[in-house]
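The values are calculated or read from the model by the stated rules, or taken from the named source; none is laboratory data. From a predicted model like this one, the values you see are computed outputs, not experimental measurements. Ideal geometry is used to build each Cβ from the backbone, glycine not excepted, and the neighbour counts take in all protein chains shown.
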Amino acid sequence: MTLFVLSILVFAASQLLPGDIGRNVLGPFASSHDVQALNHELGVDRPIYVQYGDWIWRLAHANLGMSLEYKVPVASLLGPSLINSLKLATVAFLLVVPLSIIGGVFAALRRGHLPDRVITLTGLSLTAVPEFISAIMLILIFGLLLNWLPVTAASPPESDVITQVKYLLLPGMALVMVLFGYIARMARAGTIEALDSDYTRTAYLKGLDTRTVISRHVLRNSLLPTIAVIATQMGYLIGGLVVIEKLFNYNGIGQRIYTAALNKDFTMLQSGVLVVGLVYLTATLIADVLYSLLNPRIRYAAAE
Amino acid sequence: MSTAVPAPPAVELSQASIARRETLGQLARSKTFITGAIIIAFWVFCAIFGTKIAPHDPLDQSFPQLLGLSRTYPFGTDQLGRDVFSRVLAGAHDILIIAPLATLLGIVGGTIIGLVTGYFRGVVDDVVSRVVDAVLALPLIVIAVTVLVGLGHSTLTVIVVIGLVFTPIVSRTVRAAVLAERQLDYVAASKLLGERAPYVMFVEILPNVMAPIVVEATVRLGYAIFAVAGLTFLGFGVQPPSPDWALQIADNYTLLNAGTYWWTVLFPALAIISLVVAVNLVADGLARVLSR
Amino acid sequence: MDREIRRRLTDDRRTLAGPIGNILIDELLDGRVDRREFLRRASVFGLSTSVIGTALVAAACSSSPSSSSSGGKVGGRLRVGIIPPPAHDIEPHTFADQGALETGSIAGEHLIRAAPGLKLVAELATSWNPNGDASAWTVKLRQNVKFQTGQVMTADDVVATYKRLVSPTSGSQALSAFKHVLSPDGVSKVDDNTVMFQLDNPTASFPYLLSSTTYQGIILPANYLLGTFTSKPQTTGAFVLKSYTPGVGAKYDRYTGWWGGHAALDGVDVNYYQDAAAADAALLGGTIDLIAQINVSTDRALFNNSKFQIFGGRGATHREVPMRVDLDNPLKDKRVRQAIALTLDRPAIVSTLFNKFADVGNDTPWAPVYPSSVGPPDVPQRQQDVNKAKQLMAAAGFGNGFSITLTTEMTGEIPQLAQIIQRSVKAIGIDLKLSVLTSTAYFAGSQTGPPSGYGDTPWLNAPINITDWGHRSVPNVFLTAALESNGVWNAAHYSNPQFDAAAKGFIGAISIDDQRKYAKQAETILLEDTPVIFPYFYNYLAGGTQAVKGYYADPQGTVFLSHTSLG
């Protein structure tokens, strides 16, 4: 159902791109007759609902169509870009999740004291830095001044995994700066809730030591909101990194969609946005499953 | 409308005003809130009077190019020979018009939809919820760029796009609050007394869900500033020759590769960061006080 | 001049030089042109080397054949950064954007190569000769040229390529140069190694149009199928396009069957960048060796940096500020247009935006680099004069100023130029609003048909705008497309029969004196009418590491790497 609404939204948005697709393809000097002929051939002179039906029909057959501007199948370009985006997101997650959960739990355990203040304030400030600023700073400091890391995100072809990760570190760090504040805050709140809860108290009463209590109960509880945050950020992480991909010259799906919008390549745009939506929905689905696995209370709520 | 119940609202009202006074008192004691509010007040002041208090005209190009910091030019000068200090002071103007208006649009739209869906539930609720899910699936920047390419970019379009994307997100928050409220006795009482749905929603329920709406509004404002800055950086937001901060960064960040001229980017960057931090501080302070 | 030389020259004049060649020799002997300029003009008109040699000796100049030996290290792959990526598929006759033409030019070759100093060098053609009035040109082709498909290049391939380039229905972008000059029927095969171009109008500078200046003119086989440029290597150049990924990059390997021998580089790797800063960072960080085009205002990091070298030379690359002369607004009055032009402090603009890498413009397309340009003192240089501008505004009835929107594109330093103009005209009370579009949006839409005969594209219909123009070796396209009545890119909608006559005279003129005579007329008219402001002509620059040898930045933007090496 959401997917259906999503497809309508995507289709509607791409219809906003102005008018003459044939003109756009054939260039300014083409005669209006040729433009009309091409429009007819592409089927864009038909009623909108017919076009929509046709598009869905082709999508159902896993046919994303041809890119209007590049004249190659959309899938051949979106596929590698999606994989690149997933790689970058993975590196960012591997960096940010442990870092922010440790930070969040630590802050919760030292609630109200200096470490809590420092971590909360750092998170808040980092979240407040627009990504284009943090990316520029990272390139400048680690790439050009210190010369530690490559400034472009794309590694040379046939690089091994370690090299690829090395190339993705800087853009990954830019994402860490964006996400750290959120996740740490969520982890902190989750931990505090768990620490204050009855079962933690019971665990203590049963004579378990702090470390066991934290690792068994608290940590699991602090993970829950983290999963939720990550799932809701998935759309952004896969398709919304236009600025970061541009600054690090990375061929991610955000960049593809962005150029498709600029070039009015509407077949590419539609499919790209839909793919991002799909990834997001899949992520939320997985998050829901994980959530109910980790948290028995959810099951009761769902059964109600 | 029934005339039978003049008293209870009056009591509620006075209770509400007491509660409001308490809330304000708590806010005044909240360091986070006060710090944020002061910074925001400073930038609002600059947005209104920036060109008057600035030592130079922020658009004046007659100074030497790319000078470092000095007494005459505390933040140096840019590529076109403009005083960066004056530009930073005047740079709050556009973003402090666009971002709040976009937020306002999203809050108003989201509140109406949230009230309606939360109150009626049923099919409308289902459909709207699916649309919300779908909108949440798409990155704001992608939607915004697509629409701005399609319709051509103007300040109004930027406001409307961001506002429209915020609407479903806000509606979700409002709906959750309404769902909790509609279980309460006073709503049932109004219904029993035969009040019309719009009256119940906007006169009875709305005041009681204001707290989450206010918090949501400040959070959204932070996102709106982010979004406008990002769009401006890509060339779809504020137009030159405005001394807007994001525009200054977009114009000058290529200079950073040279390892010099950092002042052309650092100061506008700090200005944006201070504004977003301030909005977040206010949101944090509000959330703590109002959710008690 | 001794008798022997005089006799040989007389012989050559009668038998080899032809009517145009004789004009050139006269110019040299009378001292109207120097040796360099004579050589340049001789290359344009295809004078044979023996005639050139005799003429130079006769003029008591020493002749030295210009042979540039590369002699660089053999091997290595050159990593080139190109900004921005091609916006469309790579199809030579439709090349319009920088990314596409640069990508195509690494593999493709032309009949003639435009070389530094506006000289022409034989590439796939070996000679080109005009008839008496330069209305028909005979081009001899190089023999033993093999396409990368293995087939031998013949006149049929050249004819097919040029018929496509000048066809009004093929979507060719080369029409901007060939419209009213060459039609499909004018291209014909004489024999397997000779092609004849019968022109619509006499054009003395036609060889320039056959050169890489018309970057769409990459010679392809007669059986070339549209849409196969990137999937099947079929050019003649030193490098074979091995793979191409839209928006990401392209890979080329050395073509072992190249007629020119053995290219020094093993191959070329192209990386596309959306953003100048990202490309700079890549060059500074050692990810690439060369950026095909750089700009003082966006790439300051590469200037005055001993690790890098700047390639480039003077050219006619420029920005135009057309003002619609036909709308019911103040710009209709030429005094207002003059006033706007008078507010600009051109030397200051050049130093702000280009450091020293640009020439000041004089509101005509005759860039200082052209030998045919007249300029000061015969045509005075326009200088900033705000008082005069105010008087003109008052005389036109706009003493209190007015408000108007300037539309332009986000390309290079243009947004900054827009802000400078915005600030400059404020002095005469004009409130200039800016609308800076993406390049795609700026050039979108149709260019033919209603409402005004220029379709609906912003760049030909906005009341005042700023547009980027590439270099041309001769100003012809600037005249025919942008300024002549009904020119295809006449954004000012300017129309003046006297100017049209002068421009037509210029294009057909063969002797340099005639060219200058017509140029002076046209320059004077343009300075008076001011339909378009030409604020500056800037140098086309490329930036690379010190290891890059034997490269020059072609002002037209083609990336010519056949003689380039790494170290």
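Scan region A:38-55 and give yes if some residue there is more than 21 Å from residue A:219 (Cα to Cα) and within 14 Å of another protein chain (Cβ to nearest Cβ), otherwise no. Reasoning before the result, please.
Restricting attention to region A:38-55, the residues satisfying the condition of being more than 21 Å from residue A:219 (Cα to Cα) are A:38-55.
Adding the requirement that they be within 14 Å of another protein chain (Cβ to nearest Cβ) leaves A:38-39.
Yes, region A:38-55 contains a residue that is more than 21 Å from residue A:219 (Cα to Cα) and within 14 Å of another protein chain (Cβ to nearest Cβ).
Please verify whether residue C:165 is assigned to a helix (DSSP H, G or I) and in contact with a Pro (Cβ under 9 Å, 6 or more places away or on another chain), treating the condition exactly as stated.
yes
Failed condition for residue B:144, given (1) within 30 Å of residue C:412 (Cβ to Cβ); (2) crowded, with 23+ Cβ neighbours inside 10 Å; (3) more than 14 Å from chain A (Cβ to nearest Cβ), with all others met?
Going through the list (1) within 30 Å of residue C:412 (Cβ to Cβ); (2) crowded, with 23+ Cβ neighbours inside 10 Å; (3) more than 14 Å from chain A (Cβ to nearest Cβ), residue B:144 breaks only (3).
For region A:141-164, give me each residue that is surrounded by 13 or more Cβ atoms within 10 Å (Cβ to Cβ) and part of a helix (DSSP H, G or I).
A:141, A:142, A:143, A:144, A:163, A:164
Examine region B:226-237 for a residue that is within 13 Å of another protein chain (Cβ to nearest Cβ), in contact with a His (Cβ under 6 Å, 6 or more places away or on another chain) and under 30 Å from residue B:156 (Cα atoms), and state whether such a residue exists.
Yes, region B:226-237 has at least one match.
Residue B:228 - would you say it is modelled with pLDDT of 90 or more, closer than 29 Å to residue C:442 by Cβ and either outside any helix (DSSP H, G or I) or of a type in the set (A, V, I, L, M, F, W, C) (or both)?
yes
Here is a yes/no grid of residues against (1) part of a loop (DSSP other than H, G, I, E, B); (2) of a type outside the set (A, V, I, L, M); (3) farther than 22 Å from residue C:419 by Cβ:
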residue: B:40; (1), (2), (3): no, no, yes
residue: B:45; (1), (2), (3): no, yes, yes
residue: B:51; (1), (2), (3): no, yes, no
residue: B:59; (1), (2), (3): yes, no, no
residue: B:73; (1), (2), (3): yes, yes, no
residue: B:97; (1), (2), (3): no, no, no
residue: B:108; (1), (2), (3): no, no, yes
residue: B:118; (1), (2), (3): no, yes, yes
residue: B:131; (1), (2), (3): no, no, yes
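Which residue, of C:375, C:445, C:399, C:449, is at pLDDT 90 or above and either touching a helix residue (DSSP H, G or I) at 6+ places or on another chain (Cβ under 8 Å) or hydrophobic (A, V, I, L, M, F, W, C) (or both)? Even if it seems obvious, please write down each step before you answer.
On the way: C:375 fails: at pLDDT 90 or above; C:445 fails: at pLDDT 90 or above; C:449 fails: at pLDDT 90 or above.
Going through C:375, C:445, C:399, C:449 in turn, just one is at pLDDT 90 or above and either touching a helix residue (DSSP H, G or I) at 6+ places or on another chain (Cβ under 8 Å) or hydrophobic (A, V, I, L, M, F, W, C) (or both): C:399.
Taking region C:327-351, which residues are over 21 Å from residue C:365 (Cα atoms) and either part of a loop (DSSP other than H, G, I, E, B) or in contact with a Ser or Thr (Cβ under 8 Å, 6 or more places away or on another chain) (or both)?
Once the filter is applied, which keeps residues that are over 21 Å from residue C:365 (Cα atoms) and either part of a loop (DSSP other than H, G, I, E, B) or in contact with a Ser or Thr (Cβ under 8 Å, 6 or more places away or on another chain) (or both), region C:327-351 yields C:327, C:328, C:329, C:333.
Take the residues in region B:190-211 that are touching a residue at least 60 places away in the same chain (Cβ under 8 Å), among the small types (Gly, Ala, Ser) and surrounded by 13 or more Cβ atoms within 10 Å (Cβ to Cβ); name whichever of them is farthest from residue B:20 (Cα to Cα).
B:197
Would you mind stating whether residue C:472 is surrounded by 23 or more Cβ atoms within 10 Å (Cβ to Cβ), among the charged types (D, E, K, R) and more than 14 Å from chain A (Cβ to nearest Cβ)?
Yes.
Has region A:242-252 got at least one residue that is surrounded by 24 or more Cβ atoms within 10 Å (Cβ to Cβ), in contact with a Phe, Trp or Tyr (Cβ under 8 Å, 6 or more places away or on another chain) and over 20 Å from residue B:226 (Cα atoms)?
Looking through region A:242-252, at least one residue is surrounded by 24 or more Cβ atoms within 10 Å (Cβ to Cβ), in contact with a Phe, Trp or Tyr (Cβ under 8 Å, 6 or more places away or on another chain) and over 20 Å from residue B:226 (Cα atoms).
Those residues that are surrounded by 12 or more Cβ atoms within 10 Å (Cβ to Cβ), at pLDDT 75 or above and assigned to a helix (DSSP H, G or I), I need them from region A:41-68; list them, please.
Within region A:41-68, A:51, A:52, A:53, A:54, A:55, A:56, A:58, A:59 qualify.
Answer yes if at least one residue in region A:236-254 is more than 25 Å from residue A:86 (Cα to Cα), β-branched (Val, Ile, Thr) and either in a helix (DSSP H, G or I) or within 14 Å of chain B (Cβ to nearest Cβ) (or both), and no otherwise.
Step one: of region A:236-254, the residues more than 25 Å from residue A:86 (Cα to Cα) are none.
No, the conditions are met nowhere in region A:236-254.
Quickly run through region C:159-169 and pick out the residues that are more than 19 Å from residue C:489 (Cβ to Cβ) and at the interface with chain A (Cβ under 10 Å from one of its Cβ atoms).
C:169
Among (1) in a helix (DSSP H, G or I); (2) within 14 Å of chain B (Cβ to nearest Cβ); (3) within 22 Å of residue B:270 (Cβ to Cβ), there is one condition residue A:78 misses while meeting the rest; what is its number?
Single failed check for residue A:78: (3).
What do you reckon, is residue A:191 out of contact with any helix residue (DSSP H, G or I) (no Cβ under 8 Å at 6 or more places or on another chain), at pLDDT 80 or above and assigned to a helix (DSSP H, G or I)?
Details: out of contact with any helix residue (DSSP H, G or I) (no Cβ under 8 Å at 6 or more places or on another chain): no; at pLDDT 80 or above: yes; assigned to a helix (DSSP H, G or I): yes.
Criteria not met by residue A:191.
Could you check region C:414-521 for helices (runs of 4 or more DSSP H) lying wholly inside it with 3 or more residues that are out of contact with any strand residue (DSSP E or B) (no Cβ under 7 Å at 6 or more places or on another chain)? Working first, answer last.
Values: elements: C:414-426, C:439-443, C:458-461, C:476-482, C:497-508.
Passing ranges, in order: C:414-426, C:439-443, C:476-482, C:497-508.
Please enumerate the residues belonging to region C:266-321 that are acidic (Asp, Glu), surrounded by fewer than 23 Cβ atoms within 10 Å (Cβ to Cβ) and within 12 Å of chain B (Cβ to nearest Cβ).
Matches in region C:266-321: C:275 only.
Yes/no per residue for (1) closer than 22 Å to residue C:141 by Cβ; (2) of a type in the set (S, T, N, Q); (3) under 18 Å from the mean Cα position of the chain (by Cα); (4) not in a loop (DSSP other than H, G, I, E, B):
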{"position": "C:96", "(1), (2), (3), (4)": "no, no, yes, no"}
{"position": "C:99", "(1), (2), (3), (4)": "no, no, yes, yes"}
{"position": "C:103", "(1), (2), (3), (4)": "no, yes, yes, yes"}
{"position": "C:107", "(1), (2), (3), (4)": "yes, no, no, no"}
{"position": "C:114", "(1), (2), (3), (4)": "yes, no, yes, yes"}
{"position": "C:117", "(1), (2), (3), (4)": "no, no, yes, yes"}
{"position": "C:120", "(1), (2), (3), (4)": "yes, no, yes, yes"}
{"position": "C:128", "(1), (2), (3), (4)": "yes, no, no, yes"}
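Tell me yes or no: at least one residue of region A:155-170 is touching a Leu at 6+ places or on another chain (Cβ under 9 Å), more than 14 Å from chain B (Cβ to nearest Cβ) and modelled with pLDDT under 85.
Looking for residues that are touching a Leu at 6+ places or on another chain (Cβ under 9 Å), more than 14 Å from chain B (Cβ to nearest Cβ) and modelled with pLDDT under 85, one finds at least one in region A:155-170, hence yes.
Do the conditions hold for residue C:172, that is, is it within 24 Å of the chain's Cα centre (by Cα), surrounded by fewer than 23 Cβ atoms within 10 Å (Cβ to Cβ), within 23 Å of residue C:560 (Cβ to Cβ) and not aliphatic (A, V, I, L, M)? Walk me through it before giving the result.
On the way: within 24 Å of the chain's Cα centre (by Cα): yes; surrounded by fewer than 23 Cβ atoms within 10 Å (Cβ to Cβ): no; within 23 Å of residue C:560 (Cβ to Cβ): yes; not aliphatic (A, V, I, L, M): yes.
Spelling it out, it is not the case that residue C:172 is within 24 Å of the chain's Cα centre (by Cα), surrounded by fewer than 23 Cβ atoms within 10 Å (Cβ to Cβ), within 23 Å of residue C:560 (Cβ to Cβ) and not aliphatic (A, V, I, L, M).
Could you tell me which residue of region C:182-208 is nearest to the chain's Cα centre (by Cα), considering only residues that are closer than 19 Å to residue C:487 by Cβ and without any contact (Cβ under 8 Å) to a residue 40 or more places away in the chain?
Top of the filtered list is C:182.
Keeping to region C:242-258, report how many residues are touching a residue at least 24 places away in the same chain (Cβ under 8 Å), among the hydroxyl-bearing types (Ser, Thr, Tyr) and outside any strand (DSSP E or B).
Adding up the residues that qualify gives 1.
Examine region B:238-247 for a residue that is assigned to a helix (DSSP H, G or I), in contact with a Lys or Arg (Cβ under 8 Å, 6 or more places away or on another chain) and at negative phi, and state whether such a residue exists.
no
State yes or no: is residue B:254 more than 12 Å from every other protein chain (Cβ to nearest Cβ) and either under 28 Å from residue B:156 (Cα atoms) or hydroxyl-bearing (Ser, Thr, Tyr) (or both)?
Values: more than 12 Å from every other protein chain (Cβ to nearest Cβ): no; either under 28 Å from residue B:156 (Cα atoms) or hydroxyl-bearing (Ser, Thr, Tyr) (or both): yes.
No, not satisfied.
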